[in-house]
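Chemist: I have a structure here, written as structure tokens, and I will follow up with some questions on it.
The values are calculated or read from the model by the stated rules, or taken from the named source; none is laboratory data. Note that the structure is predicted; figures quoted are calculated from it, not measured. Cβ coordinates were reconstructed from backbone atoms using ideal geometry, including for glycine residues, and neighbour counts include every protein chain displayed.
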Amino acid sequence: MRLVTHGDSAPSSVNRYLLPDEQQVIMVRRHPAVLLRPVAEVFGGLIIAGLLSKFFGDSGGGTALVVVWWLWLLLLIRFVWKVAEWSVDYFVVTSKRMLSTTGLITRKVAMMPLSKVTDMSFKRSLLGRMLGYGEFILESAGQDQALSTVPYIPYPETLYLEVCQMLFPSKDSGDD
């Protein structure tokens, strides 16, 4: 997790969506667990391709062997694409709003003003608890917002407390 300090700057893929008078408070990439399924698909495909290569190699099926490995190559390309998408996906909390930027070619920016958030919770599956990720659920007063869930958030307890501190600042600032 990376909490942004005042001296840090967001990557250009995020910075272009920030308003001039906004201050970044939190900026995190989605948890790498989002890549578990693509990794499993590539390794599973590799095992299947290896087994089929042995089968087709013994029976002299050269064309089938080429097709099997081309299919595995497509799985590998899909995996590389998912990693590239993950590398540009960010969840950002600024002094005024929450943003989620996703997409490599087609950018999607979902946002919710902090003032509109009426309820926020997070949930963690068993796998999420073991690997350290969760999902934020954001609600606003009877309105359907573009940013209602944020899956695969790293360290959700810490982020939850940080965001709650922003949503509900203490009345006693401690400066007497």
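Chemist: Anything in region 112-129 that is at pLDDT 90 or above and either within 14 Å of Leu19 (Cα to Cα) or among the basic types (Lys, Arg) (or both)? List them, or say none.
Modeler: Selection gives Lys123, Arg124, Arg129.
Chemist: Something else now. Met111: out of contact with any helix residue (DSSP H, G or I) (no Cβ under 7 Å at 6 or more places or on another chain), surrounded by fewer than 12 Cβ atoms within 10 Å (Cβ to Cβ) and not basic (Lys, Arg), yes or no?
Modeler: Numbers: out of contact with any helix residue (DSSP H, G or I) (no Cβ under 7 Å at 6 or more places or on another chain): yes; surrounded by fewer than 12 Cβ atoms within 10 Å (Cβ to Cβ): no; not basic (Lys, Arg): yes.
For Met111, the condition - out of contact with any helix residue (DSSP H, G or I) (no Cβ under 7 Å at 6 or more places or on another chain), surrounded by fewer than 12 Cβ atoms within 10 Å (Cβ to Cβ) and not basic (Lys, Arg) - is not met.
Chemist: Among the residues of region 45-86, how many are of a type in the set (Lys, Arg) and modelled with pLDDT under 90?
Modeler: The first filter runs over region 45-86 and keeps only residues of a type in the set (Lys, Arg), leaving 54, 78, 82.
This time we only want the ones that are modelled with pLDDT under 90, so: 54.
Residues meeting the conditions: 1.
Chemist: Residues that are of a type outside the set (A, V, I, L, M, F, W, C), at least 3 per element: which strands (runs of 3 or more DSSP E) completely within region 81-176 meet that? Steps first, please.
Modeler: Values: elements: 90-94, 97-102, 108-113, 117-123, 133-140, 149-154.
Filter on region 81-176 gives 97-102, 117-123, 133-140, 149-154.
Chemist: Is one or more of the residues making up region 155-164 without any contact (Cβ under 8 Å) to a residue 60 or more places away in the chain, loosely packed, with under 15 Cβ neighbours inside 10 Å and touching a helix residue (DSSP H, G or I) at 6+ places or on another chain (Cβ under 8 Å)? Steps first, answer last, please.
Modeler: Residues of region 155-164 without any contact (Cβ under 8 Å) to a residue 60 or more places away in the chain: 156-157, 160-161, 164.
Filter again for loosely packed, with under 15 Cβ neighbours inside 10 Å, leaving 157, 161, 164.
If we keep only those that are touching a helix residue (DSSP H, G or I) at 6+ places or on another chain (Cβ under 8 Å) as well, we get none.
Looking through region 155-164, none of the residues is without any contact (Cβ under 8 Å) to a residue 60 or more places away in the chain, loosely packed, with under 15 Cβ neighbours inside 10 Å and touching a helix residue (DSSP H, G or I) at 6+ places or on another chain (Cβ under 8 Å).
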